[in-house]
Every structure is written in structure tokens, then in C-alpha cells.
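Novice: Dropping a structure here in C-alpha cells format, bear with me for questions.
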Amino acid sequence: MDRILDVKNLRVSFHTYAGEIKAVRGVDFSLNRGETLAFVGESGCGKSVTVKSLMRLMEPPFAEIKEGSRIQYNGEDVLAMNKTRLREYRGSDVSMIFQDPMTSLNPTMTCGRQIEETLILHRKLKKAEARKQALRGLELVRIPDAEKCLDKYPHQLSGGMRQRVMIALALACKPSILIADEPTTALDVTIQAQIIDLLRELRDETRTAILLVTHDLGLVANFADRIQVMYAGQILERGTVSEIFHRAAHPYTWALLSSVPKLAKCAKQELYSLCGTPPDLLLPLNHCPFAARCEYCMQICKERMPEESVLSETHRCACWLQHPNAPHVKPFYEREVCRHD
Amino acid sequence: MTEPLMEVEHLCKYFPAGKKRLLKAVDDVSFSIYPGETLGLVGESGCGKTTCSRTLLRLYEPTSGSVRFKGREIVRQSSKELLAFKKDAQMIFQDPYSSLDPRMTIAEIVAEGMQVHMPASRQTIQKRVTELLAKVGLTEDYANRFAHELSGGQRQRVGIARALAVDPEFIVCDEPISALDVSIQAQIINLLLHLQREKGLTYLFISHDLSMVRHISDRVGIMYLGKLVELGNCEEIFEKPLHPYTKALIAAIPEADPDAGSQCRFRLEGEVPSPVNPPSGCRFRTRCAYADERCARELPQLQQIKPGRSVACHYWKTLQSDPDCKE
């Protein structure tokens, strides 16, 4: 395995007037070359904060990456990088596509210049050469009439086109990791399908590893290799796509899976819905964060944090139900499936 | 068949787009809504779903066409005559953040409609407000709070309580869940289904989330650039779509099943053309794989092909037998 990113015990906090919000509470994971890893969870569960920390976009005074956190890129400590190295690292080693293509492009620069700028800064290209490369980049993301697009401003493009420009910009310096933070949430279904197809093709062509952040399980099912389910700043379950979709072990994953209407399912029946809201991240948490909303909550869930138990080489789950002494329960969505067959 | 609750005929809504040009947001749309059913309205953004629904409720003044509610024409009525209609037809808005007045308490927001439509003593209204909040799953403590103190899902519940306050028969749900989290979406959909069963409500459900539309609707209408391109029974539309656009839309849904196969055969190229300057003839022809000169020349009309099923395409019959475009 060719490991390029290794994150250990990542903890990120925000300092507010109300106190310290612990947004990410000890996250461990690693990423291999050319693989797609998806972070799934509700809003506010720390998905975006986790991936932004990888680019060191979570900096004081607003946020703090806590002591003891470790992020290693190809064996190099990201948290110890100096300014010059960090600038190089962002963009040429790791780059990012944001959720909203409206606000993440510079409105006062043409699309071409924004891409040229990165190339000139990172790859030290001459202006003419950079323009050629920028054109090639726009062609790579299948923008029709790329030559014209170089001289257009972002507001002249549609949402889907802007997202393509964002992708071209992110891939301009051939990074080895692409972070896609909800890349299709702001787009229409048909455009979303186009963008995902594009990302899949580019991944296979360039062997770029992709970190995908999303709340759309449908998107993950066909695109990712591995999934990590996050809740209240922790990873509750992780595994390959088929492990998560077919052999999910955590009640929260079950809830997520069954709140999505299946296309093949009969209509008008109740969807499973989770009651309550995620825990307040201001408060200390020394038990299972999901306990208050969990159907299978036991006494121990409210007292101690569950350890991650190993279900297979890739599949892990932090839940007391995995304890050998715990009662053996069947996920409720399986019950439902049986009822309809 | 029962009498339709609402009949829409040749409804048009044009907006001026400068230089004497018109943006035809809704162009000659006709359909009916029957009591107790949910009609889903689907399409990409900018296709006129929201404008259509707002014109139905006369939030926008229609350019031409007619809308009949329970047999009464509502297009050319004065605002006084409209009052009764507005009590019967309510709306839930897309964005729970901007559709609640930030300076009113939740109780005031819910009570406002009742004060206009069904005046009663303050105690009665207060009691009704508490009942309504309970019905949408909010406790009494929320009554005196402001909208900014609530989460998105809770706000959407307030929006639903406000719509229910005047005992309507018909509710337009304009993308009620698109601004919410997945698990909260399921809660709101369940609430809407539950209320429909309890009160026999009729919904016009607008969304771009096809799997949700399939889940909640009895019939579905597909819109493209201001035109209705296909209308029919929900199951039939999803099982056997006839219009090439419907097929493409359904093919674009990411399915939450890793075995479903990733590559679909029916991928839509390009984007929606500008509604100010739509293509001649069939509006979909610029993105349609089957378009020819006839599509550029003639605008296909929405034709009924069997009871309760209409489609606006010249070639739906030949496409049906084409093995390439079967789902």
C-alpha cells in the first residue's frame, strides 16, 4: 500500500465567547495513493473542519489544532511546515474544491488568469506557457469552447461551468490529493451527475487521491472506495463501500442509510427518521456521542466511550454493541426490508 | 373520476427581461390537481417550477391563462374575493431562514393568518397556536421564541404550522426539504405525509430531489424551460419514462446502492439554455440525442396518450421501442 496521508489523533477547537467548541475530537485515518475516501455525516459533525485542517486552513485566532495532533503527508509533518513550504504544499501537493463555486472563485479576475496565477506561482512558468497550460486544464474538465472561457469572468458562467473551472484550478498543479468539500451540493441533479463522472474520469486518468466530503449517500455509493461516518467530531464507523452499505454495524450508520428513500422502494410509507439533534459540542463528552438518539442505548453507552472494534481489516466500528457481552441486535432497516419482500 | 380541486389551463407568466425581450418563465402550462393527492413537480433549477406554483396562488399575476379552484376562476378576481381562496390554499417556502419574520415570535407568526381569516378571541387563538405547534412536533416553550433561536428543521416546522393555521385544503410545498439535513428531511417528509392522512390535504410538491418526489407523490409533472414535458402517474413515470428529458433526469439520480452500477447509458450533455432566448421548436432539442429538423421546426404539444398520461415529444412512440434508451 502506498500511503500518502496519515492523520493521528486530530483534534480541532474553536474559541468563542461561549467557550471552547471541540469540533473534531480525535480523528485517525490514512489515505492511499489513487483512492477515494468519503466522509459522511450530518451538518455540524466536523467533516469540513477535518479536511480543512489537512490544508492548515484552520489557523489561530479562530481555530486551534490541538497539541498531540499529527498530520503526515508522505512522511512529512504538515503541522510543522514553515510558511514557504506550506505555500508550496497547498496547491501543488494538496488542493481543494469548495462547495459553492459562486463564492470561491475571484469575481474580479478572469477564469484564465486565476489558473495562470497558480501555474506561475507554483510551477514558475512563463506567462504564455501558463496560458497554454490553463487552456489544457479547461479542456481536461470538458469545458466547451475553452479558449473563450479563459477570458470570461466567473459571473458569466453557470454553476456547473464554474465548478468545472474550480476543478481545473485545483488540478492545475497536479496535486496528489484533491479535497472535494461537498462539490455538488449547490448543483442540479443532471449537472451533479456530469461533475461526478468528470471527477471519476480524472481520478482514473491522473491517479489523484480524492477526499470527498458529502452528506449524500447516493453519491458515495458509486464513487468512493472507503467511507468514514462522522458524528460529533468523531469517526463512528469506517469501512469499504460494500461493508458500510451491506454490513453496517453502527446504529447511526443504519439511521443514515434508512433515511434515504430508495428508488425501488414502494412509495408513501414512512421514512425512518432520527429523533433529536446532535450533542452540543461545547459540553464535554465522555460517553458515546450518539447515546441520546440511539434506539439500542444501554447503560454503559451513557457512561463510557466505546473503543473502536475491528470487524475486518478495513471495517471498524465504535459501538458498545460490538462488545462480546452486548446483546445481539438486528439493524432496524433489515427488519423493514423483510417486511416489504 | 372526481372533480379536480384545481384546474390550470394555458397558464403563462412572462417577465420583462430588458430590451423588449421577455423571459417566458412559465409558458402555456395546463394540468389539474385532484383532492387528496400529491402532485410532484420536478425539473432543473430555472425551469419555472417555483414561478408556476407562485402564479397558481396569485403571488405573481399571471400573464394569461386560467386557474380554477373548486370550479371558481381565480385569475381575474379582486383581492377581496381572493381572501377565501387564500385561506384554502397555503404555501410552505423553500428557505426556512428567510421566510420567517425575524422580529416576530413563533406564536405571532403562526397566529397572524388566523387573525386575518378566522378572527377569534385571543385565548382561542393562543390555544390553537399551542395545538398547532404540538401537531408539528414543537413544544409550548417555542411559542415565545424568535426564529433565529431555532434550527433549520424546527423553522421548517414553524412554516408548516403557519400554513396549517387557517385550515387549508391545498398546500404548495416549494422545495420544503432542500435546505435541510438528510435525517431532518426524513422527519419533515414524514410530518407532511402524516398531516395529509389526517386532514386529507392536497399537496403540490416541488422539488429537484427525484427520489423524494417519487416517495411522496401520486402523480408527477416534469418541467423543462417553462414547459410541462411529461405528466402522469408516479410509478409509471419512474418505471417507464417516455420523454427523453425524463429518462435523463431519472438516470442522473445517484442511487444509494453500490451494486447499482456506476455508469449509466443516458447521460445528459450540456446545460439548460437561457429562457430569454429559448431554442426554436422543442425546447429540449439542444440537449436531446434524438432531435432532428422536425424538432427544430415544430413545438411538440403536450398530448394525452392514455388516460392520465401525457407527454410532449414528437417521437415518444419510436423512442419507446428503441432498445438504446430503455431504462
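The values are calculated or read from the model by the stated rules, or taken from the named source; none is laboratory data. Predicted model only: the values in this text are computed from it and were never measured. Every residue, glycine as well, gets a Cβ built from its backbone with ideal geometry; the counts of neighbours run over all protein chains shown.
Novice: Being within 7 Å of another protein chain (Cβ to nearest Cβ) and modelled with pLDDT of 85 or more is the filter here, so list the residues in the range B:188-209 that pass it.
Specialist: B:189, B:190, B:193
Novice: On to the next question. Would you pick out the residues in the range B:144-164 that are buried (at least 19 other Cβ atoms within 10 Å of the Cβ), within 14 Å of chain A (Cβ to nearest Cβ) and of a type in the set (D, E, K, R)?
Specialist: B:155, B:157 - these are the residues of the range B:144-164 that are buried (at least 19 other Cβ atoms within 10 Å of the Cβ), within 14 Å of chain A (Cβ to nearest Cβ) and of a type in the set (D, E, K, R).
Novice: Sticking with this structure for a sec: Run down A:209, A:224, A:186 and say which single residue is touching a residue at least 60 places away in the same chain (Cβ under 8 Å) and surrounded by fewer than 22 Cβ atoms within 10 Å (Cβ to Cβ).
Specialist: Result of the check over A:209, A:224, A:186: A:186.
Novice: So which residues in the range B:95-117 are free of Cβ contacts under 8 Å to residues at least 60 places away in the same chain and among the small types (Gly, Ala, Ser)?
Specialist: Those that are free of Cβ contacts under 8 Å to residues at least 60 places away in the same chain and among the small types (Gly, Ala, Ser): B:98, B:107, B:111, B:113.
Novice: Return the residues of the range B:309-327 that are in a loop (DSSP other than H, G, I, E, B) and modelled with pLDDT of 85 or more; say none if nothing qualifies.
Specialist: Looking only at the range B:309-327, we keep the residues that are in a loop (DSSP other than H, G, I, E, B), and these are B:312-315, B:322, B:326-327.
Answer for the range B:309-327, where residues must be in a loop (DSSP other than H, G, I, E, B) and modelled with pLDDT of 85 or more: B:312, B:313, B:314, B:315.
Novice: I would also like to ask the following. Taking residue A:10 and the conditions (1) in a strand (DSSP E or B); (2) modelled with pLDDT under 90; (3) touching a helix residue (DSSP H, G or I) at 6+ places or on another chain (Cβ under 7 Å), which numbered condition does it fall short on, given that it satisfies the others?
Specialist: Against the list (1) in a strand (DSSP E or B); (2) modelled with pLDDT under 90; (3) touching a helix residue (DSSP H, G or I) at 6+ places or on another chain (Cβ under 7 Å), residue A:10 comes up short only on (2).
Novice: Only one of these is out of contact with any Leu (no Cβ under 9 Å at 6 or more places or on another chain), outside any helix (DSSP H, G or I) and either surrounded by fewer than 19 Cβ atoms within 10 Å (Cβ to Cβ) or within 14 Å of chain A (Cβ to nearest Cβ) (or both): B:167, B:141. Name it.
Specialist: Result of the check over B:167, B:141: B:167.
Novice: Considering only the range A:132-158, state which residues are over 28 Å from the mean Cα position of the chain (by Cα), under 18 Å from residue A:107 (Cβ atoms) and aliphatic (A, V, I, L, M).
Specialist: Hit for the range A:132-158 is A:150, nothing else.
Novice: Report yes if some residue within the range B:222-232 is at pLDDT below 90, at negative phi and either within 21 Å of the chain's Cα centre (by Cα) or assigned to a helix (DSSP H, G or I) (or both); otherwise report no.
Specialist: No, the range B:222-232 has no match at all.
Novice: Continuing with this model, one more query. How about the range B:54-94: which of its residues are hydroxyl-bearing (Ser, Thr, Tyr) and surrounded by fewer than 18 Cβ atoms within 10 Å (Cβ to Cβ)?
Specialist: Correct list: B:60, B:63, B:64, B:66, B:78, B:79.
Novice: Here's another thing I want to ask about it. Determine which single condition residue B:236 fails, assuming it passes every other condition in (1) within 14 Å of another protein chain (Cβ to nearest Cβ); (2) crowded, with 24+ Cβ neighbours inside 10 Å; (3) assigned to a helix (DSSP H, G or I).
Specialist: Result: residue B:236 passes all but (2).
Novice: Enumerate the pairs (first residue in the range A:114-130 and in contact (Cβ under 8 Å) with a residue 40 or more places away in the chain; second residue anywhere and outside any loop (DSSP other than H, G, I, E, B) and of a type in the set (A, V, I, L, M)) with beta-carbon separation below 7 Å, excluding pairs fewer than 6 apart on the same chain, so at least 6 apart or on different chains.
Specialist: Going by the 7 Å Cβ cut-off, the qualifying pairs are A:114/A:169; A:115/A:134; A:115/A:168; A:115/A:169; A:118/A:169; A:119/A:130; A:119/A:134.
Novice: Another one. Looking only at residues in the range A:171-192 that are within 18 Å of the chain's Cα centre (by Cα) and over 17 Å from residue A:33 (Cβ atoms), which one is nearest to the other protein chains (Cβ to nearest Cβ)?
Specialist: Once the filter is applied, the top-ranked residue is A:192.
Novice: Between residues in the range B:278-299 that are over 20 Å from residue B:29 (Cα atoms) and residues that are among the aromatic types (Phe, Trp, Tyr) and not in a helix (DSSP H, G or I), which pairs lie under 6 Å by C-beta distance while being six or more apart or on different chains?
Specialist: Close Cβ pairs satisfying both conditions: B:290/B:315.
Novice: Is the range B:245-255 home to any residue that is among the basic types (Lys, Arg) and facing another protein chain (nearest Cβ under 9 Å)?
Specialist: Pass one, the range B:245-255, residues among the basic types (Lys, Arg): B:247.
Retained after the next criterion (residues that are facing another protein chain (nearest Cβ under 9 Å)): none.
No: zero hits.
Novice: For residue A:102, are the conditions met, namely being touching a strand residue (DSSP E or B) at 6+ places or on another chain (Cβ under 7 Å) and over 23 Å from residue A:23 (Cα atoms)?
Specialist: No; evaluated as a whole, the condition is false for this residue.
Novice: On the given criteria, is residue B:226 within 23 Å of residue A:159 (Cα to Cα) and more than 9 Å from every other protein chain (Cβ to nearest Cβ)?
Specialist: yes
Novice: From the list A:168, A:128, pick out the single residue that is modelled with pLDDT of 90 or more and farther than 29 Å from residue A:4 by Cα.
Specialist: Exactly one of A:168, A:128 is modelled with pLDDT of 90 or more and farther than 29 Å from residue A:4 by Cα, namely A:128.
Novice: Among (1) within 30 Å of residue A:3 (Cβ to Cβ); (2) more than 7 Å from chain B (Cβ to nearest Cβ); (3) touching a Pro at 6+ places or on another chain (Cβ under 6 Å); (4) assigned to a helix (DSSP H, G or I), where does residue A:201 come up short?
Specialist: Single failed check for residue A:201: (3).
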